[in-house]
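One structure below.
What follows draws every value from the coordinates through simple rules; no lab data is involved. Computed from a predicted structure; not experimentally measured. Ideal geometry is used to build each Cβ from the backbone, glycine not excepted, and the neighbour counts take in all protein chains shown.
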């Protein structure tokens, strides 16, 4: 499976997500990917993420949401992580507020890989120790370290 350190970088992690609503959280997190030019068509990228969220909530329960999209304009897999101490209502099945938002984007041509990454990410974030470690992470480097150390759990 894909190594998280190839697609997750400290610059793509917000340990102090400010948003209080799910669409604002998606915008805030997407901005870390669009600000550095990785995503050439920023408006389309954000529109795709929001459209996917409008179809069905990406809140998966246990305080986790995984907004995701297939994007033709990007050339590699992208992952951004946001940590909200207050919690955000993502209309998750369990009704719990979301504290960990993992935004995944892959090129449309890599649909199988997208599904594999999404499943692995979801499995990894089902582990309570991983979630607690992420929520308590001091900085973005520690978040990346948690992912790279725990990848075997996914």
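In table form, for the structure just shown:
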{"quantity": "Separation of the residue 47 and residue 136 label points, Cα + 7 Å toward Cβ, nm", "calculated": "4.4 nm"}
{"quantity": "Average Cα contact separation per residue, the chain, under 8 Å, 6 or more apart, as relative contact order %", "calculated": "29 percent"}
{"quantity": "Sum of -39500 (n - 2.57) over DSSP H runs of 4+, divided by residues of the chain (222 nm, nearest 500)", "calculated": "-12500 deg cm²/dmol"}
{"quantity": "Order by protection proxy (mean Cβ within 10 Å, highest first), peptides 136-149, 107-120", "calculated": "136-149, 107-120"}
{"quantity": "Calculated Kirkwood radius over Cα pairs in Å (choose from (i) 22.5; (ii) 15.1; (iii) 15.8), label", "calculated": "(ii)"}
{"quantity": "Three-way shape call for the stretch 84-147 based on the alpha-carbon gyration tensor, with the a/c threshold at 1.5", "calculated": "oblate"}
{"quantity": "Length released on extending from residue 145 to residue 11, taking residue separation times 0.36 nm less the Cα-Cα span", "calculated": "46.9 nm"}
{"quantity": "For the chain, share of DSSP beta bridges that run antiparallel, in % to the nearest 5", "calculated": "55 percent"}
